[in-house]
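Read the structure below first, then the notes.
The values are calculated or read from the model by the stated rules, or taken from the named source; none is laboratory data. This one's a predicted model, so the numbers in the text were calculated from it and none came from an experiment. Positions of Cβ are generated from backbone atoms using ideal geometry, with glycine treated the same way; all protein chains shown enter the neighbour counts.
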Amino acid sequence: MYLEKFRLNGKTAVVTGAGQGIGLACAEALAEAGAKVVIADRDPKAAAAGCAGLTAKGLNVEVVTMDVTDSTRVSEVADQLASTHGRIDILVNNAGIARSETPAEQVTDEHWLNVVDVNLNGTFWCCRAFGKHMLATKSGSIVNIGSMSGFIVNKPQEQCYYNASKAAVHHLTKSLAAEWGARGVRVNAVAPTYVATPLNAFVKNNPQMYNAWIGGTPMARISSMGAIPAGRLARILNGIWNEAGLHRCRRRDIERARRRVRRKGNAVGDRPAFDHGLA
Ligand SMILES: NC(=O)c1ccc[n+]([C@@H]2O[C@H](COP(=O)([O-])OP(=O)(O)OC[C@H]3O[C@@H](n4cnc5c(N)ncnc54)[C@H](O)[C@@H]3O)[C@@H](O)[C@H]2O)c1
């Protein structure tokens with residue numbers, strides 16, 4: 001009976017940047033749990049392809065073209081969707097860019113502003129626009145996709161702008177959670193580790209970087225989208241899970257992974273480098 005508590009039947013969910021990658025996996029998980037899902041992406045082709053894949057599985061999904069950096073468009077879409085669907089129950093702020101591998105002293109104004117604009121400003125514009133409708137109905141759940149890079153400094157790639165933008169997303173999340181919680185709107189964040197998506201596909205050409213990544217990962221692996229279970233997402237959305245929960249790592253698992261790395265090494269030759277879907 002516990003699983004029934006995670007059902008999202010009758011709910012409307014919006015996922016930004018859901019044309020591919022983690023956003024698409026979130027859209028699928030939410031739709032499988034019973035929600036009507038809106039894929040909101042700036043790239044109409046990616047959004048249409050993502051939507052077609054989920055519709056072919058019999059899931060209830062629609063598409064809207066929206067660039068999260070355009071606050072006017074974000075407000076317009078939020079108003080339209082709230083009016084069409086009656087209410088918005090769930091918002092997953094997933095749209096994000098990395099533009100990794102630029103040393104801090106070489107970062108241009110354009111580079112810095114672009115990353116902060118998508119990752120931080122875009123997240124806030126969406127929280128504000130969709131949050132208004134949720135506050136009006138005194139209920140709703142927002143999940144911001146932050147990153148472990150908001151808490152640690154990844155090695156070896158240089159990406160101070162990305163790390164700073166994601167740290168800000170996590171603190172924005174806490175601030176909104178404190179401000180809106182008593183008014184019925186929950187705001188949480190997740191901090192994914194490495195997940196094999198087009199965002200970080202560049203690592204497939206860089207075995208040294210790949211080894212550094214999995215060497216610094218307790219489970220010594222890069223996650224795949226299939227590792228995002230619908231149940232976990234639903235638990236977040238139902239308020240049973242919180243950000244702190246996602247950082248728990250069982251000591252037993254860490255020790256086991258470390259032993260495996262010591263025994264087998266991390267070299268690409270020891271283990272197929274891209275057996276996690278980084279094709
Ligand atoms: N892949 C990882 O290892 C990883 C790790 C930690 C956090 N994250 C975060 O997860 C989120 C998704 O990452 P991903 O790996 O799936 O990326 P991805 O590049 O595979 O997909 C990103 C999607 O967002 C869309 N998008 C980009 N800018 C947009 C904008 N301005 N407005 C609307 N849509 C936009 C793109 O069109 C694309 O469909 C990002 O916020 C990223 O920072 C990813």
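Cβ contacts < 7 Å: first residue aromatic (Phe, Trp, Tyr), restricted to the stretch 166-180; second residue assigned to a helix (DSSP H, G or I) and more than 16 Å from the ligand (Cβ to nearest atom), any location; separation 6+ or different chain. Result?
As it stands, the answer is 180/131; 180/135, since those pairs meet every condition given.
Taking the conditions exactly as written (modelled with pLDDT under 85 and either in contact with a His (Cβ under 9 Å, 6 or more places away or on another chain) or not aromatic (Phe, Trp, Tyr) (or both)), does residue 242 satisfy them or not? Lay out the reasoning, then the answer.
Details: modelled with pLDDT under 85: yes; either in contact with a His (Cβ under 9 Å, 6 or more places away or on another chain) or not aromatic (Phe, Trp, Tyr) (or both): yes.
Criteria met by residue 242.
When the stretch 1-32 is examined, which residues are found to be more than 16 Å from the ligand (Cβ to nearest atom), more than 15 Å from residue 141 (Cα to Cα) and of a type in the set (A, V, I, L, M, F, W, C)?
Across the stretch 1-32, the qualifying residues are 1, 3, 31.
Could you run through the stretch 38-86 and say how many residues are in a loop (DSSP other than H, G, I, E, B) and either at negative phi or within 16 Å of the ligand (Cβ to nearest atom) (or both)?
Count: 10.
Could you look through the stretch 157-171, keep only residues that are at pLDDT 95 or above and part of a loop (DSSP other than H, G, I, E, B), and pick out the one that is farthest from the chain's Cα centre (by Cα)?
In this case the residue turns out to be 158.
If a residue must be among the acidic types (Asp, Glu) and within 15 Å of the ligand (Cβ to nearest atom), how many such residues does the stretch 87-123 contain? Break it down stepwise before answering.
If we filter the stretch 87-123 for residues that are among the acidic types (Asp, Glu), which is where we start, we get 89, 101, 105, 109-110, 117.
Remaining after also requiring within 15 Å of the ligand (Cβ to nearest atom): 101, 110, 117.
The number of residues fulfilling the criteria is 3.
If the Cβ limit is 6 Å and pairs must be 6+ apart or interchain, which residue in the stretch 35-64 that is in contact (Cβ under 8 Å) with a residue 40 or more places away in the chain pairs with which residue that is more than 10 Å from the ligand (Cβ to nearest atom) and basic (Lys, Arg)?
35/11
Note down all Cβ pairs under 8 Å where the first residue falls in the stretch 1-30 and is buried (at least 24 other Cβ atoms within 10 Å of the Cβ), the second is in a strand (DSSP E or B) and of a type in the set (Gly, Ala, Ser), and they're at least six residues apart or on different chains.
14/40; 15/40; 16/40; 17/40; 18/40; 27/13; 30/13
For the stretch 181-202, which positions are in contact (Cβ under 8 Å) with a residue 60 or more places away in the chain, within 15 Å of the ligand (Cβ to nearest atom) and β-branched (Val, Ile, Thr)?
To start, the set of residues in the stretch 181-202 that are in contact (Cβ under 8 Å) with a residue 60 or more places away in the chain comprises 187, 192, 195-202.
Now drop any that are not within 15 Å of the ligand (Cβ to nearest atom), which leaves 192, 195-202.
Listed by number, the residues that qualify are 195, 197.
Pairs needed: first member in the stretch 89-108, in a helix (DSSP H, G or I); second member anywhere, modelled with pLDDT of 95 or more and not small (Gly, Ala, Ser); C-beta distance under 7 Å; at least 6 residues apart or different chains.
Listed by first residue and then by second, the contacts come to 104/158; 104/160.
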